[in-house]
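In what follows, a structure is listed as structure tokens, so that the remarks can point back to it.
The values are calculated or read from the model by the stated rules, or taken from the named source; none is laboratory data. None of the values given here were measured: they were computed from a predicted structure. Cβ placement follows ideal geometry from the backbone for every residue including glycine, while neighbour counts extend to all protein chains displayed. We work out accessible area using only protein heavy atoms, side chains counted, and drop any ligands, DNA or RNA first. Shrake-Rupley method; radii C 1.70, N 1.55, O 1.52, S 1.80 Å.
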Amino acid sequence: MKMDAGIDMNDLTDEERRLLDKIRLRKEQLIEDIKSLQREIHGISEEMDTMDVDEESRENTREKKLLAGKRQFNLNPTKGIAYLIDQELLEPDCEEVAKFLYSDGLNKTAIGDYLGEKEDFNLDVLNAFVNLQELQDMLIVSALRQFLWSFRLPGEAQKIDRMMEKFAERYCDLNPGIFTTTDTCYVLAFSIIMLNTSLHNPSVKNKPDIEQFVSMNRGINDGGDLPRELLESIYDSIKKEPFKIPEDDGNDLNNTFFNPDKEGWLWKQGGRYRSWKRRWFILSGKCLYYFEYTADKEPRGIIPLESLSVRECAEEQSRAHCFELFGLHTDCIKACKTDKKSGKVMEGRHNVYKMSAASAAEMEDWIKCINACGSHNPVYDAIQSKKNKIKHGIY
């Protein structure tokens, strides 16, 4: 009698044997992926801790340490900068750190995260970083394109606010007389970002026309209006060419999903057949991703959380600890998934997304974390805050 892990293989059908073989193969692949990631992390640690400092190989060692520092920065910006300073590869000076942030091989999201921190040194680095931008004699659209290419905006309104204020100050210093105040430049820059999203995001169905864009910017020039010709040129520029979003360097496993807000196994109810399937979920960057296996590099589905909320719901089909995502302003949730057979990306068919956790505590934690991501747009928060300050004369 042939036994495998307590299973009598003679009791299995051919299909069950094939499925078991697939599971074994997938397990081996998962183990190999984990070992590969462990080797990479171990390699980084070895490069930082055990480098040869012989006189003959000093320059080569310096380059290795610099590379190790960049890798560390991409995983944890604050620790990466601290390591480079400790190794005397970087001066503890805000201007020197700002120059370093323009180096090749740095993760643009990590740069944005570091510049967005509220520590005094980080604020000084942000100021120095923006002052390295050459924006003189540039149209504001071109200046904004250049600025937003140098890093990725973080997802918090207060961080975005500080960055865009510095951009407005720098642009107005180098181009005096274009705007009445820096607040005008600040609000217009945000309007341009929002216009870019509205015109080029496929999920936005009602695209704004030039009249809506002009109307949105009425009164922002210290109570007056900006020239219509300027707004028309901005609108035409963004309509013809969207902003290019910098792609992160390095591997997606380390960057996009390396430090998620939450991850774990959940049961998910299907949209068409209502069957339940176990999926590995990752909450990151205001999106909920789900995978068939933890080692998968590409998600099976993506659920943007903007304009969605979450709530506990009744148990269903013997599934306990259920909760669901639902739209705040629509009955249909915009999401996408990959068809397993064809590999094509398909639009999800859900009025709500129902999920089931392993315990009540786990369910409550998922609800808490999803709520913490927020259903609002941080860009909208920042621009509304600035408009309110201008309206009430607070500077």
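Things worth noting here:
- Taken over the range 268-282, the criterion of being part of a strand (DSSP E or B), open to solvent by less than 80 Å² (accessible area, probe 1.4 Å) and either at pLDDT below 85 or more than 14 Å from Ala335 (Cβ to Cβ) (or both) is satisfied by Trp276, Trp280, Ile282.
- Count - residues of the range 138-186 that are part of a helix (DSSP H, G or I), open to solvent by 10 Å² or more (accessible area, probe 1.4 Å) and of a type in the set (Phe, Trp, Tyr): 1
- Odd one out for Asn122, checked against (1) touching an Asp or Glu at 6+ places or on another chain (Cβ under 7 Å); (2) in a helix (DSSP H, G or I): (1)
- Residue count for the range 72-90, restricted to those that are part of a helix (DSSP H, G or I), free of Cβ contacts under 8 Å to residues at least 60 places away in the same chain and open to solvent by 30 Å² or more (accessible area, probe 1.4 Å): 6
- Of the residues making up the range 224-256, those that are at pLDDT below 85 and either among the acidic types (Asp, Glu) or farther than 25 Å from His200 by Cβ (or both) are Glu247, Asp248, Asp249, Gly250, Asn251, Asp252, Leu253, Asn254.
- Matching residues in the range 125-137 - criterion: being assigned to a loop (DSSP other than H, G, I, E, B) and either touching a residue at least 60 places away in the same chain (Cβ under 8 Å) or touching a Leu at 6+ places or on another chain (Cβ under 6 Å) (or both): Leu135, Gln136
- Flag if Leu135 is surrounded by 17 or more Cβ atoms within 10 Å (Cβ to Cβ), closer than 27 Å to Leu37 by Cβ and not aromatic (Phe, Trp, Tyr): no
- Residue ID - least open to solvent (accessible area, probe 1.4 Å), chosen from residues in the range 198-208 that are in contact (Cβ under 8 Å) with a residue 24 or more places away in the chain and part of a helix (DSSP H, G or I): Leu199
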